Amino acid sequence: MSFIKTEIQGSTFCLQITRPEALNALNQGVMDELRAVLQSALQNPETAGIVITGEGEKAFVAGADIKELAALSGAEATKLARKGQEIFKSIENSPKPVIAVVNGFALGGGCELAMACHIRIATENARFGQPEVNLGIIPGYGGTQRLPQLVGRAKALELILTADLITAADALKIGLVNHVVSTKQEALAMAVAMIKKIGSKGPVAIAKAIESVNAGYSFEDKGYQSEAAGFGACADTTDFKEGTKAFVEKRPAKFTGK
């Protein structure tokens, strides 16, 4: 594996995304490895649960790979969004608990990855946001669907439309994360202990509990389809090309609405 390191701690499968030079951004190599590693972990009968984190202290996952996104056509962007949604749904629908340990930036696709996990433990330096509109596009990996589920429609719209980043403390206040602790080491220890505790319960009951909670949101598949289509439509605009170019050039974007 080029982008993911794994470690077994008792019955916990620890998965770390390792692209520190790009703040662990989600390129297609990362996404493909993430899907393969998750499938392997879930097939292991010794695995009681999974922890997902990012390498280093600066970022959990700082978002998608902007240079990779900028080259996509609208159709390609729609396909990419559906692929990302599928991978993140496999996390959400995992019969075993998946806990995100969020250190540093969790932006765009990184925030969406964290939200796909069942439980989120953040360090005090964590920052969350869906800043896609800064690029002239929308969240494409489930952010428009899961954020309202977690924090309510009004707050979700505020965060998505303003592209504001929030602190771990604020994320805890609005229900985006379950716990905030001082250090990544402390967060990892809490996640492993939590999975150990969950692993002592009946495995079938745990799986059915996850399935039943998720069933309450199953009507929203049309929302995911709308998100992917909207992501693709934005990718065909001049604004998206300007937004991604401005990001790479580290300057304010000049949007025209075209």
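Every number here is computed from the coordinates shown, using simple stated rules; none is lab data. The shown structure was predicted, so the numbers you read here are calculated from the model rather than taken from an experiment. Here Cβ is always computed from backbone atoms with ideal geometry, including for glycine, and neighbour counts include all displayed protein chains.
Some points to look at:
- Placing +1 on each Lys and Arg Cβ and -1 on each Asp and Glu Cβ, with no other charges, gives the chain a dipole about its Cα centre of roughly 260 debye.
- Spin-label pair residue 222/residue 248, simplified geometry with 7 Å Cα→Cβ offset, distance in nm: 3.8 nm
- When each of 5/96; 83/196; 89/184; 67/155 is checked by Cα-Cα distance, pairs over 23 Å: 83/196; 89/184; 67/155
- Whichever aspartates and glutamates have a C-alpha closer than 20 Å to that of residue 250, once near sequence neighbours (fewer than 8 apart) are set aside: 21, 65, 68, 132, 164, 239, 242
- Value of relative contact order over region 4-184, rounded to a whole percent, pairs C-alpha under 8 Å and six or more apart: 19 percent
- Compared with the alpha-carbon gap, the fully stretched path from residue 174 to residue 258 is longer by 26.8 nm at 0.36 nm per residue.
- Between region 9-50 and region 98-156, the alpha-carbon center distance in angstrom: 18 Å
- Acute angle (nearest 10 degrees) that the helix 153-162 long axis makes with the longest principal axis of the chain, alpha-carbon atoms: 50 degrees
- Length released on extending from residue 89 to residue 183, taking residue separation times 0.36 nm less the Cα-Cα span: 31.0 nm
- Stretching the chain fully between residue 21 and residue 2 yields a gain of 5.5 nm (0.36 nm per residue, less the alpha carbon separation).
- Region 28-43 residues near the modelled residue 71 label - backbone nitrogen below 13 Å, point 7 Å along Cα→Cβ: 28-29
- Helix 28-43 and the longest principal axis of the Cα set of the chain meet at an angle near 20°.
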